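Please read the structure below before turning to the comments.
Derivation of every value follows stated rules applied to the coordinates shown; laboratory data play no part. Not measured: the values here are computed from a predicted model. Neighbour counts run over all protein chains shown; Cβ positions are idealised from the backbone, glycine included.
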Amino acid sequence: MAADCRISPYVATFEPVKDGRGEYADIVATLELRYHASGEPKKEGFKFVGTLPISDVSVAGASGKPMRWSKDAMAETRLSWKFDPPLENSQAGVIVRFRIKGALGGDKTANRFNAPWVSNFRVPVSDVTYRFVFPEGFQPIVVMCDGSKAQSVTLPDGRKAFEVNCSSPGYGGFEASFSPGLVERRAPAQSASGRSYGGGEPLRPAHVLWVVAILVAVGALIVRGVQYCMKHPESSFCQSSSGSSASGGSSSSSCSSCSSCGGCGGCGGCGG
């Protein structure tokens, strides 16, 4: 019987910290996960943590005892850790901490942080908290988490934090924006599962028109090609097109190098 695993609760905390230039551009992420395993022993866990560079990684059990871990540079960075001994009909907490370099951006009016990878798992996850913690002495005027006002809490050390609580991780990750800003620098671009996030400029109306025109032209060519092949199925062009489609329709080869989640849909940002 395969290992049956779920995670509950799951707390992801993000805290701006100063980088080498003394600017609050980096984010320290702390992921607290409690595993519940049954069936075959569960020997390890992992989490993809996005495309931005990370450093200062540590992995420990709930008691603070360090765990063996590794970092792999793939389409996204993957952090893995070993359970010693493996989990067998038991539960255990894991605390993963790392620094995301250059993750915060914007201007003095407002800053933005985006973690599209944080909500993606291949195992069931419940009782989720996303938390954004501000530096001591900083008082934000407006804080938006995932597009809505977040609940304000005061930590034991007096710092302000804002939380979002939900029954499941949701989709699309976690995003926080606040005003005024802590740092003045370009917001980084993040990507997961082929989706782009972050600091590019929005498409201007003229650019949108060009995109629409190109899409219409391509669509017209495809329609004309289909109509031609329906009338001339014996054509070498139509036969070669059909063959290439059959051989190239599967993307398993590109997926296998992305992660061990099995399938492109869960490839980016997963964990378990």
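3J(HN,Hα) along segment 74-87: 10, 4, 10, 6, 10, 9, 10, 9, 9, 8, 9, x, x, 6 Hz, from the Karplus curve 6.51 cos²θ - 1.76 cosθ + 1.60 with θ = phi - 60°, whole Hz, x for Gly and Pro. Couplings 3J(HN,Hα) of segment 94-106, computed from phi: 10, 10, 10, 10, 7, 9, 9, 7, x, 8, 9, x, x Hz, in residue order, whole Hz [Karplus 6.51 cos²θ - 1.76 cosθ + 1.60, θ = phi - 60°; x for Gly and Pro]. Put in line by how crowded their Cβ is, counting other Cβ atoms within 10 Å and starting with the fewest, 48, 178 read 178, 48.
A Cβ-based charge dipole, computed about the Cα centre of segment 60-137 with Lys and Arg at +1 and Asp and Glu at -1, lands at about 240 debye.
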